[in-house]
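My questions all concern the structure below.
The values are calculated or read from the model by the stated rules, or taken from the named source; none is laboratory data. Fair warning: this is a prediction, and the values are worked out from it, not measured in the lab. Using ideal geometry, Cβ is built from the backbone for each residue, glycine included, and neighbour counts are taken over all protein chains shown.
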Amino acid sequence: MNNHFILQTKDLQKSFSGIIAAQNINISVKEGEIIGIIGANGAGKTVFVNMITGYLKPTSGKIHFLGNDITGIKPREATHIGVCRSFQVSQVFMTMTVKQNLMIAMSLSKKKGGQLLLPLEDEKLSKECDKILDLYKIKKQSDLIVSTLSQGMRKLLDIAMAVVGNPKVLLLDEPTSGVSVEEKFGIMDIVISALKKSGTTVLFVEHDMEIVERYVDRVIAFYQGQVICDDTPKKALKNKKVIQYVLGS
Amino acid sequence: MFKGILKDQSVQTSIGVIFILLIFGSFILPEWMSNNFMYGMSRGLAVLGLMILWRTNLVSFGHALYYGFGAYAVALCQKFFGVTDIFLRLLIAVAAAGLLGFALGFILRKYREIFFAMLSLAFSMVLYGLLAKAEFLGSTDGMSISPSTFFGTELGRIALFNFIGLVVILAIIFAQAYLRSSLGHLTTAIQDNEIRVEYLGYSVEKAIHIKYVISACLAGGAGGLMAASLGQVDPDSMVLWSVSGELVFVTIMSGLGNILAPFIGAVIFEFIRTYAFEWAPQAWQMIIGGTLLAIIFFSPGGLWSLFQKLNFLRKKNNE
Amino acid sequence: MQFLTTVLLDGLVYASYLFIVSLGLTITFGVMKILNVAHGSFYAWGAYLASIAIIYLGENEYNSMFYYFSIFMAAIVAGLFFGFIIERFILRKMYGEDIHLIVLATFGIFWILEDLILIVFGADPLMPYYPAMELGGLEIAGVYQGVYSLTLSGLAVVVAFICWYFLKKTKWGKLLQSVIFDREVSVSMGINVTNVYLITFIIGGMLGALGGAYVAPTISISPGFAIDVVVMSFAVVVIGGMGSVPGALIGSLMVGMIRAFAVHQAPVLELFIIYAVMAIVLIIKPQGLFAPPKPRKI
Amino acid sequence: MKFGTMKTVSSVFLTFLFVIGTLFTTSVYAKDRIKVGVVSFLTGPAGGPFGIPAKQGAELVIDAINAGTMPAPYNKKGFAGATLDAIYSDESGGGTKQVALFRDFVQKQNVDAMIGYISSGNCMAIGPVADELKMLTVFSTCGTPRLYEEKLRSHVFRTQANAVGDSLAAAKYIADEYFKGKMTTAGKMYTGINQNYAWGQDSYKFFELGMKVYMPSAVGSSKPQFPKLFAGQYGTEISALSLDKAKVVHSSFWNGDWEAFVLQAMVRGFFKQKIVVSSVGGSAVDTLGKKFPDGVIMGTRGLVGLNVRDNKDPLNTWFVSEYKKRYKAWPLGPSYQYARSVMAYKLAMDKAAASAGKFPTQDQAISAMKGMKFKSFVDTIEFTRGGGHQAVHAISYGITKYNKAKGEPEVENLKTYAASCIYPPAGVKSEDWINNGMPGRKCE
C-alpha cells in the first residue's frame, strides 16, 4: 500500500444476511483533502462511514490508515489512532449540560489512565472548553441540558465533540441535516475553516449540493452500495450517472 | 483524585451529619437506636454501591451476592483462621467481594437492562444454593460471628458504631471523588449514549467493569460490617433474592440524587422495619410493600426529591 | 432402568408443575414486557383458595368431582380478581416507565399480598390432601408414584396444547402475537392494546394461580411458601427465553430433570445446579434458548 | 439551590433524630412485675403444629403461676413474688433477623429474661448474643448438641435435652426391636430424610453413630436426603428413598414439613414398604388423626406430649386437662417444653429470692439455676451437662397405632431410655463418647 495516502480502502464489501449494502469500494484519500460523499438514501454512504470508523465490520476487503491495516477495529481504537466521526442523528449525552458534554469529550482526549480519576471540573480545561463553545456559537447554551436544545445545536455539539479529539481524519455524517437553512453555511464555515487550519482530512456525507460545491475538493458518489463517481466537484456534478441516480432529475 | 474533595458541599454535609449522629449515638441515644443506625449505615454502603451502578442505568437484582459474600468471608475467616480484628474483617470482606466482582465483571459488563438484572440474580442464587445446602458452610443456619476486636482488645458496641461511622465517611469521600471525576461522569454518560462514549475513545465495558467492582466492594464491606454488628450471618437474610430486592428498594426509596441519600434511606428503612415489626407483626411486609409503592407513585425521585421539594417550599415562604 | 424411569418421572412431574406456573410469567413478559414478581402471589392465592375449598369439601365428604371444579374456580377467581386490580390500578399507570421500576412495583405488590394471606388465612399450614389421597399410588418400575402428581403432567400437556392452539390457530392469538412483536405497529393497526394488556395479565395470573391450586393437594401450604416459586419460575423463563412459550416448556423440562437427577444423585447440589444452569444459559445465550424474534428498529 | 437542599436535609435529619430521641422512654419496672420475651414460631410452616402450641403451653403456665393456681411444687404465686408479663414474638425469618430482634428485646424492651426458641439454627445464633448482652435466656425446644459442645455458655440454659439422646434412643429402639433376630443381615440397612440445618444434620449424624455402636453389622445408605428446611415438597426425595434398598428410614422432620412429608409419602405407599422412625413427629399424629399411618416409630423428645398423655402424675393431669379446657386440643410436645422452661425459670427465681432474702438479681437467678433439679410433668430434670446449663432427661419411643374404639391415636410398645443411657457424662463430647463405645452408660 502506498504511504502517500492517509486512508485507503480496497474492495470493501458489506452485506447484511445476504443483502449487499456496499461492495467494491476502492477509495484513496490524501492528507488534508476535503471530500464530499453524496448519494440517495440507502446508497451506502453511512455504511461506508460506519465501516471506516469501526461501527460495522466489513464482510470482506481492507481498510488502511497511514499504511496500517485497520480493518474491523473497534470504534474506540479508531478514535485512538485519529479517525473520528460525527453522527447523522446527533449522539450526545442528553441528560447532561452542553458544557459537561464537551468537558467529557475533552478530558477523554487529553487525560489518560489514572488522570481520569481527577475531577472533571478543572479550570484549565474549563477555559479551553469555553473557547470551543464560543467558536461553535453555543456558549450561551453551555449550562442548558442537551435534551432541551434544538436539533441544529445538538448537531454542532456533536461535531464539536468529534473535533476536540484532534483527529487526523474526520468523518461527518450529514453535518447540516436538521440545521436551518440560514445557519447551514455559518456552521460549515466555522467547521471547515477550523479543520483546514489544523490540516485535518475531512470526509462528509451531504445532501445539499450547494454546500458540496462550496467546500469540497473532491466528490465521491454512491449508488446501490457502489462508487459510481469519484472526481472533482465540477465534473462530478455534471456526471450523467450522478445526475440520474443521485441528483434525481 | 481527592484534591479539594473536602470542599465538596455534599461531602461536608455528610461528614457533619454523621459526626453529629456519632456523638448522639455514643452519648445520648439508647443502644437499640444506635444499633438501628449501625445497621442502617452498614446497609447504606451496599445501597451506595447500587446507586452508583444505577447511574449507568444498571440495576442489579443480585447484589446480595456481594453483600452475602462479604458477610460470609468474615464468618469463614473467623471459623478457619480465627480472624476477629475489625480492620482485617473489613478488609477481607471488601477484598473478597471486590475479587468476585472483578471476576464476574468480565461477564456482566457486556449485559444491560433486564439481562444484567437477571444474570446478577442468577449469580446470587448460585451462591445461595451453595450456602443453603452445604453443611460446612453452615447451611440455612449460617454462622455466628463473635464480637470484633481491635488489636486484641474486644470492641464494644459504641466503638463499633463509631468505627462504622468512620468507614461510612471514608466511603462517601471515596465515592464522591469517583463520581465527580472524569471517569465517574463518563459512566453517567454511558447511560445516555454508549455509542458516543466508544467514539470518544473509552471502552464502555471497561468503565462499567470499574464501576461494578467499586459497587461490589461497597456491598461486600456492607455485608462484612453487617455481619460484625449483627453477630450472625445466614443465607436467607444475606443472600436470598429478596434481600437483593430489599437493597434495590432502599435505593429507590433514597433516590439517586445525592451521596448521603443511601444512608438516610437505609436508616429510615431500618426504623420502619423495627417499628412495623413491633406494632404490626402480621403486616410488616405489607407496610414495607406499601411504602415501596407509595414512593414509586408519589415520589419517584426518592426521599431526596422530597427534601428538595421541602427546600423549595421553605424558600417560597421566605420570599 | 428402574432408576432412570423414576428420575424421569420425578423430573416430568416437577417440570409439569414448573411449566404451568412459569407459562403465565412468560406470557406476561412477552406481551407486556413486565417481569412480574407478584406472579408468586397468584400462585399463593390460587393455592390458598383451592385449599380452603378442598378442605371444606373433603371434610364434608362431597363428590370428588367438586375438588377439580374448585381448583379451576380458585385459579379463575384469583387470576381475575388480583389480575384486574393489579393491572388496572397499578401497572397501567406505569407503562413506559423504566423496566426496573415496574419490577420493583410488582415486588411491592408481592410483599403486600404475602401479608394479606397471613391476615386472611392465618399462619397455620393447610394440607388439602384429599384428592391426592383419593387417587392413591401406582407402581411404576417398582416405585409407587402418586397418581395425582402424575395427572399434573396431563394438565401441563392440555395447557400447552390450548396455548399453542390459541396462539397459532385463532384470530385472537394472531392479534396477540402482533402485539408481542411490535406494540406501536399494533396500536396503529387499531388493536386496543390496553384491553390486550389487561386480558393478558389476567390470563397470566390465572395460570400462576392454576399452578398453585393444582399442586396444592400435594404440598403443605403456609405463608411464605411462594417465595421460592418466584425465583424458580424466573429461572425457567430466563433459561427458555423471556416471552417464549416453547421456551417455558423446554426451560421447565430442563430444570425439572436436572433437579430430579441432582436429588437422586447429589442432593447437596439441588439448588446450586438449577441456578448454575440459569447463569450458564444467560452467559452463552443471553436471550434464552428460545428468544422470541424482535422487530428490527432502525 | 444545591446548598439549600443540603441544609434542608441536615435539619430534617436532626429533627428526626430529636423526635425519635424523645419518643424513647425507659420503662422502669417496679420489681413486682417482670417482663419476659417468649419467642416461638407464630407464622409459617412451624407455626400451627409447633409454635402456637408452644406459646399456649407457656401462656397457660405463666397465667397459672401469676395467679398461684398451679399444683405443687409450683403453687407459690408469682416469680420470686413478681408477676410475669410475657411478650410473645415470632421466631420466623431466620437467625439474623432473630438476633436483631433479640437485641431489641434486651435493649429496647428491657426484658428481664428470654424464654423459648424452637429452631436449632436460631438457638445457635442467639446463644452467643445472649452471652454478649448478658441476658438470662432459657431455650425450650431446640436440640442441636453444638450449642454447648462448641462452647460453654454463661447466660444460656436449655431445659430440653439435645438431639444426641433422641437419635441414640431411636437407634437403640431400631436395633433392639427390629434388627435383633428379626431381619437378615442384608435387610439391616438404614437411611434418613432430615432437614438441612443444624437439627436435621446432627440428628442423622448421631443416629448413624448410634447404629454403628448398637448394630455394627447394619449398613447406612450412601444417599441420605437433606432437603431444605420448609421445602414442603418431597416428591423426588420420596422416590429416591423408595429406590434405596434401606428398609429403615430415620427422620427428624418437624413442623409442617413433617405433615407434608407424611401425606405425600402415604399416597405412595411409603409406610407400607419402610420402617419409619421419627424423633419428633408427634404433632402430626394428632392433626392427621386416623389418617396417620400405623407402625411409625415415634418419639416426642422426652416424657412429654403424645407418649405421656395418659400418665397419672398430678402435674401432668392438671396440665392436660387445663390445656384441653382452654385450647380445645391436646397439649403437644412443644407445649410441654415451653411450659417446662417457664417452670424452671420460676423455680430458679424463687430459689434465688430465698437465698438472697430479697428480689434476686439476674446473676443470683443464674447461679440458682445452674445445676438445678426441677420437677417436670412426669419426671425430674436436672441441669447437669454443659457446665450446669444443659438439662438431660429420659427419652421414649413407641409405635403409633390408631385406637378405633376411642377414636384417638395412641402409641404401643413404649420404651423409655434413661438419660444415663443415651447421654455422655458431664464434660465429655458426645461424638467422642459414642466413638469410644459409650463408656459408663447405664441403661435400665
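If you take just the helices (runs of 4 or more DSSP H) that sit entirely in segment B:149-242, which of them hold at least 1 residues that are charged (D, E, K, R), touching a helix residue (DSSP H, G or I) at 6+ places or on another chain (Cβ under 6 Å) and within 12 Å of chain A (Cβ to nearest Cβ)?
So the answer is B:194-199.
Something else about it: Could you tell me which of the residues D:154, D:89 is hydroxyl-bearing (Ser, Thr, Tyr) and within 30 Å of residue D:430 (Cα to Cα)? Give the derivation first.
On the way: D:89 fails: within 30 Å of residue D:430 (Cα to Cα).
Every option except D:154 fails the conditions.
Would you be able to say whether some residue in segment A:73-81 is among the acidic types (Asp, Glu) and more than 14 Å from chain B (Cβ to nearest Cβ)?
Just the residues of segment A:73-81 that are among the acidic types (Asp, Glu), to begin with: A:77.
Among the residues that remain, those that are also more than 14 Å from chain B (Cβ to nearest Cβ) are: none.
Checked segment A:73-81: no residue is among the acidic types (Asp, Glu) and more than 14 Å from chain B (Cβ to nearest Cβ).
Now a separate question. I need the full set of residues from segment D:102-128 which are part of a helix (DSSP H, G or I) and either surrounded by fewer than 24 Cβ atoms within 10 Å (Cβ to Cβ) or not aliphatic (A, V, I, L, M) (or both), in order please. Break it down into steps so the answer makes sense when it comes.
Just the residues of segment D:102-128 that are part of a helix (DSSP H, G or I), to begin with: D:102-107, D:120-128.
Hits for segment D:102-128 are D:102, D:103, D:104, D:105, D:106, D:107, D:120, D:121, D:122, D:123, D:127, D:128.
Per-residue answers, yes or no, for (1) away from chain C (no Cβ under 14 Å); (2) under 26 Å from residue C:3 (Cβ atoms); (3) at pLDDT 85 or above; (4) under 25 Å from the mean Cα position of the chain (by Cα):
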{"position": "D:178", "(1), (2), (3), (4)": "yes, no, no, no"}
{"position": "D:195", "(1), (2), (3), (4)": "no, yes, yes, yes"}
{"position": "D:203", "(1), (2), (3), (4)": "yes, no, yes, yes"}
{"position": "D:227", "(1), (2), (3), (4)": "no, yes, yes, yes"}
{"position": "D:233", "(1), (2), (3), (4)": "no, yes, yes, yes"}
{"position": "D:258", "(1), (2), (3), (4)": "no, no, yes, yes"}
{"position": "D:269", "(1), (2), (3), (4)": "no, yes, yes, no"}
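Continuing with this model, one more query. Condition test on residue A:48, is it away from chain B (no Cβ under 13 Å), crowded, with 18+ Cβ neighbours inside 10 Å and aromatic (Phe, Trp, Tyr)? Quick ask: steps written out before the conclusion?
Values: away from chain B (no Cβ under 13 Å): yes; crowded, with 18+ Cβ neighbours inside 10 Å: yes; aromatic (Phe, Trp, Tyr): yes.
When the stated conditions are applied, residue A:48 passes them.
Something else now. Filter segment C:1-48 for residues that are in contact (Cβ under 8 Å) with a residue 60 or more places away in the chain, among the aliphatic types (A, V, I, L, M) and farther than 20 Å from residue C:247 by Cα and give the result.
The initial filter retains those residues of segment C:1-48 that are in contact (Cβ under 8 Å) with a residue 60 or more places away in the chain, namely C:1-3, C:5-48.
Cutting the leftovers down to among the aliphatic types (A, V, I, L, M) gives us C:1, C:7-9, C:12-13, C:15, C:18, C:20-21, C:23, C:25, C:27, C:31-32, C:34-35, C:37-38, C:44, C:47.
Residues satisfying the conditions are C:1, C:7, C:9, C:38, C:44, C:47.
Further question on the same structure: Within segment D:204-229, can you find the residues that are farther than 16 Å from residue D:173 by Cα and part of a loop (DSSP other than H, G, I, E, B)?
D:221, D:222, D:223, D:224, D:226, D:227, D:228, D:229
Okay, residues lined up against (1) more than 25 Å from residue A:109 (Cα to Cα); (2) in contact (Cβ under 8 Å) with a residue 24 or more places away in the chain; (3) in a helix (DSSP H, G or I):
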residue: A:23; (1), (2), (3): yes, yes, no
residue: A:37; (1), (2), (3): yes, yes, no
residue: A:51; (1), (2), (3): no, yes, yes
residue: A:58; (1), (2), (3): yes, yes, no
residue: A:62; (1), (2), (3): yes, yes, no
residue: A:73; (1), (2), (3): no, no, no
residue: A:77; (1), (2), (3): no, no, yes
residue: A:80; (1), (2), (3): no, no, yes
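Residues in segment C:269-298 that are at pLDDT 85 or above and either surrounded by 20 or more Cβ atoms within 10 Å (Cβ to Cβ) or β-branched (Val, Ile, Thr) (or both): how many?
So the count comes out to 14.
Residues in segment D:373-390: is at least one buried (at least 20 other Cβ atoms within 10 Å of the Cβ), in contact (Cβ under 8 Å) with a residue 24 or more places away in the chain and over 26 Å from residue D:424 (Cβ atoms)?
Within segment D:373-390, none of the residues are buried (at least 20 other Cβ atoms within 10 Å of the Cβ), in contact (Cβ under 8 Å) with a residue 24 or more places away in the chain and over 26 Å from residue D:424 (Cβ atoms).
Here's a follow-up. Identify all residues within segment A:167-194 that are surrounded by 20 or more Cβ atoms within 10 Å (Cβ to Cβ), over 12 Å from residue A:87 (Cα atoms) and modelled with pLDDT of 80 or more; write none if there are none.
Initially, segment A:167-194 is screened for residues surrounded by 20 or more Cβ atoms within 10 Å (Cβ to Cβ), giving A:167, A:169-176, A:179, A:187-188, A:191-192.
Retained after the next criterion (residues that are over 12 Å from residue A:87 (Cα atoms)): A:167, A:169, A:179, A:187-188, A:191-192.
The answer is A:167, A:169, A:188, A:191, A:192.
What's the total number of residues in segment B:262-304 that are more than 30 Å from residue D:98 (Cβ to Cβ) and away from chain C (no Cβ under 14 Å)?
Of the residues in segment B:262-304, 1 are more than 30 Å from residue D:98 (Cβ to Cβ) and away from chain C (no Cβ under 14 Å).
Let me spell it out: the conditions are (1) surrounded by 24 or more Cβ atoms within 10 Å (Cβ to Cβ); (2) over 18 Å from the mean Cα position of the chain (by Cα); (3) outside any helix (DSSP H, G or I), and residue D:62 meets all of them except one. Which number is the exception?
Residue D:62 satisfies every listed condition except (3).
Show me the helices (runs of 4 or more DSSP H) entirely contained within segment C:43-160 in which 2 or more residues are at pLDDT 90 or above and either within 21 Å of the chain's Cα centre (by Cα) or surrounded by 16 or more Cβ atoms within 10 Å (Cβ to Cβ) (or both). Write out each step before concluding.
On the way: elements: C:65-89, C:99-121, C:130-135.
Qualifying helices (runs of 4 or more DSSP H): C:65-89, C:99-121.
Please indicate, with yes or no, whether at least one residue in segment C:19-36 is part of a helix (DSSP H, G or I), touching a Phe, Trp or Tyr at 6+ places or on another chain (Cβ under 9 Å), within 14 Å of chain D (Cβ to nearest Cβ) and surrounded by 24 or more Cβ atoms within 10 Å (Cβ to Cβ).
Yes - at least one qualifying residue is present in segment C:19-36.
Report, by residue number, each residue of segment A:194-249 that is within 15 Å of the chain's Cα centre (by Cα) and of a type in the set (Asp, Glu).
A:206
Among the residues of segment C:218-229, are any away from chain B (no Cβ under 14 Å) and hydrophobic (A, V, I, L, M, F, W, C)?
Yes, segment C:218-229 has at least one match.
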